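What follows is a single structure, written as structure tokens, with notes after it.
The values are calculated or read from the model by the stated rules, or taken from the named source; none is laboratory data. Quantities reported herein were computed from a predicted structural model and do not represent experimental measurements. We place every Cβ from the backbone using ideal geometry, glycine too, and count neighbours over all the protein chains shown. Quick note on the areas: whole protein, heavy atoms, side chains included, nothing else; ligands and nucleic acids left out. Shrake-Rupley method; radii C 1.70, N 1.55, O 1.52, S 1.80 Å.
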Number of protein chains: 2
Amino acid sequence: IELAVDGGEHPDTIAALTSDPLAGVAVNYTGERHDLDDVRLLAPVIPRSKVVGVGRNYAAHAAELGNEVPAEPLLFFKPNTSVIGPTDTILLPDGADEVHFEGELAIVIGRICKEVPVERAADVIFGYTIANDVTCRNWQQSDGQWARAKGADTFCPIGPWINTHLTPDEAGRLSLQSHVNGELKQDSNTSHMIRGVAELVSYISAFTTLLPGDLILTGTPEGVGLIRPGDEVNIDIDGLGTLSNPVDKA
Amino acid sequence: IELAVDGGEHPDTIAALTSDPLAGVAVNYTGERHDLDDVRLLAPVIPRSKVVGVGRNYAAHAAELGNEVPAEPLLFFKPNTSVIGPTDTILLPDGADEVHFEGELAIVIGRICKEVPVERAADVIFGYTIANDVTCRNWQQSDGQWARAKGADTFCPIGPWINTHLTPDEAGRLSLQSHVNGELKQDSNTSHMIRGVAELVSYISAFTTLLPGDLILTGTPEGVGLIRPGDEVNIDIDGLGTLSNPVDKA
């Protein structure tokens, strides 16, 4: 999918490619083009290894849940089985009584890498997309570790596409809004992240090898809140489009 | 790899197969056989999705670290990038000052599955292997969430092979010993698990889809302890062989 290739000559269309840009092989355009309205977008990537989440990376969000900003980045994993596409339905499992949306900027890794210096982070980043780090608060509280609270099926909507045209600095000054049923809930900017894009890539790759297609969810700003069956949650980030997921019971 | 196929007629050999038993296609023997001493065994599986760990699943281990037995299984994820083979080296990263071995029975999932009833767990299990749930205690303490403490590269040695001939009940009464540099450290039995094999598969699959090759690490008994560069840690489980990994600095 490449919306920007022709400088806006064909707005709201997608162009077919010959292979996967994350597979490390040559990618060409076939010349085929489709109206965006005629296709259903799937998750732009299913990580072959991991989704790394970052907790409490916006001071105002840490405060709204009564938490301190951690001394070092607070990391957790979501499994690739939790990933769904940009219009798929978030399904609330039995016992998940208090589930929150969390709108976030997601980094898509482009190269296998380890121990990436901050100043070389741009070299290993494929692009950026939007993520909803869906979280079950009652399981987060009762379990202590967040595997179930953040790892359930459908708890990681991503998309609608991957923007490959931003530098880490540019990705660090994008406005972010979340709406539930049209009502504005989050209204912030990625410039408020405590640790920025390059710093997170460097910190995480210091202990774990990152693979092409791995995702880093950079944390959510203040304004998180409940989602219930029948709701629709939309997350917008400048230049990354809108991630729009209905909510239902599993 | 199939050691038992000929009823012990060819001990200490391995037989070549035509394809991956976890790929869901027909698997045949080629007739080729190699002495076990002539081959280097790799990790018997690299999960395409996840390694699910279970914390505090032996009462005596929970007690030795001053923890309560949790009301529900305490779950965490290790990424597939942490998996290494049965003779590979555990590498201690900078800052990982207090790293422990944890000998464990690992369940290998054989079928894509969700919401598996306890009585049907056997249907979705491919087999069993040994795992070392390597854990950095100082990161576990400082981070709160265990992603870094348990997710670093090389922190999930598994092997040496997968035993496909056990029922969940049989897997729940195997003796387990761990040695560091030949000294006995853990000497227990999987019968002491608080939640058994079938119960864990059912509980975990209630919220997350399990894929063929996914691993469940069932928790460690008492006797965990430090490993340092130059050490060798061996974990033995009845019928599953010996997982034997040297330790070095990263």
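With a 1.4 Å probe rolled over the protein heavy atoms of all chains, the accessible area of B:Asp231, A:Asp94 falls in the order A:Asp94, B:Asp231, largest first. Among residues of chain A, the one whose beta-carbon sits closest to the A-to-B rotation axis is listed with its distance in Å as A:Phe77, 2. Taking Cα centre as origin and charging only the Cβ of basic (Lys, Arg, +1) and acidic (Asp, Glu, -1) residues, the dipole magnitude of chain B rounds to 820 debye. With the convex hull constructed from alpha-carbon coordinates only, the protein assembly as shown shows a mean projected area of 24.1 nm² over all directions.
For the protein assembly as shown, the tally of Lys pairs with Cα-Cα distances below 12 Å comes to 8, considering only residues 8 or more apart or on different chains. Accessible surface area normalised per residue over the range B:41-249 is 34 Å², counting heavy atoms of protein chains with a 1.4 Å rolling probe. A simple rule links phi to the HN-Hα coupling: the Karplus curve 6.51 cos²θ - 1.76 cosθ + 1.60 with θ = phi - 60°, which for the range B:185-193 gives 10, 10, 8, 9, 8, 5, 5, 8, 4 Hz, with x for Gly and Pro.
Of the trypsin sites (Lys or Arg not before Pro) found in the range A:1-104, those in coil by DSSP whose Cβ has at most 16 other Cβ atoms within 10 Å are A:Arg40, A:Arg48.
Inter-chain neighbour count for A:136-147: the average number of beta-carbon atoms from partner chains within 10 Å of each residue's beta-carbon is 5.
Between identical copies, the spacing of B:Glu72 label points, each set 7 Å from Cα toward the C-beta atom, reads 2.9 nm from nearest to farthest. With a cut-off of 14 Å between beta carbons, the residues surrounding B:Glu72 carry a summed charge of -1, where Lys and Arg count +1 and Asp and Glu -1. Near A:Asn234, within a Cβ-to-Cβ distance under 11 Å, what is the net charge of the other residues, with Lys and Arg +1 and Asp and Glu -1? My count for the surroundings of A:Asn234 gives -3. Counting protein heavy atoms only, the range B:41-249 has 47 percent of its accessible area on carbon and sulfur, 1.4 angstrom probe.
Comparing mean-square fluctuations of B:Ala59, B:Ala71, B:Ala15 from a GNM of chain B with C-alpha springs under 10 Å, the top value falls on B:Ala71.
Among the GluC sites (Glu not before Pro) in the range A:1-96, those placed in a DSSP loop whose Cβ has at most 14 other Cβ atoms within 10 Å are A:Glu9, A:Glu68. Got the A:Glu115 label distances to the other copies yet, label 7 Å along Cα→Cβ, in nm, shortest first? Relative to the other copies, A:Glu115 has label-point distances of 4.8 nm. Taking every alpha-carbon pair under 8 Å whose residues sit at least 6 apart, the range B:46-172 reaches a relative contact order of 28 percent. Would you be so kind as to identify which of B:Ser244, B:Val124, B:Ala63 lies farthest towards the positive end of the dipole of the range B:41-249, taking Lys and Arg as +1 and Asp and Glu as -1 on Cβ and the Cα centre as origin? Result: B:Val124, furthest along the dipole toward the positive end. With label points set 7 Å from Cα along Cα→Cβ, the inter-copy distances at A:Arg40 are 4.6 nm, sorted shortest first.
Would you kindly give the portion of the calculated P(r) for the range A:7-137 that falls above 17 Å, as a percent of all Cα pairs? Taking all Cα-Cα pairs of the range A:7-137, the fraction more than 17 Å apart is 72 percent. Here, chain A is characterised by an Rg to Rh ratio of 0.95, where Rg is the alpha-carbon radius of gyration and Rh the Kirkwood radius. Counting Cβ atoms of other protein chains within 10 Å of each residue's Cβ and taking the mean over peptide A:79-87 gives 4. Buried accessible surface for the B/A chain pair comes to about 2400 Å², total over both chains, computed with a 1.4 Å probe.
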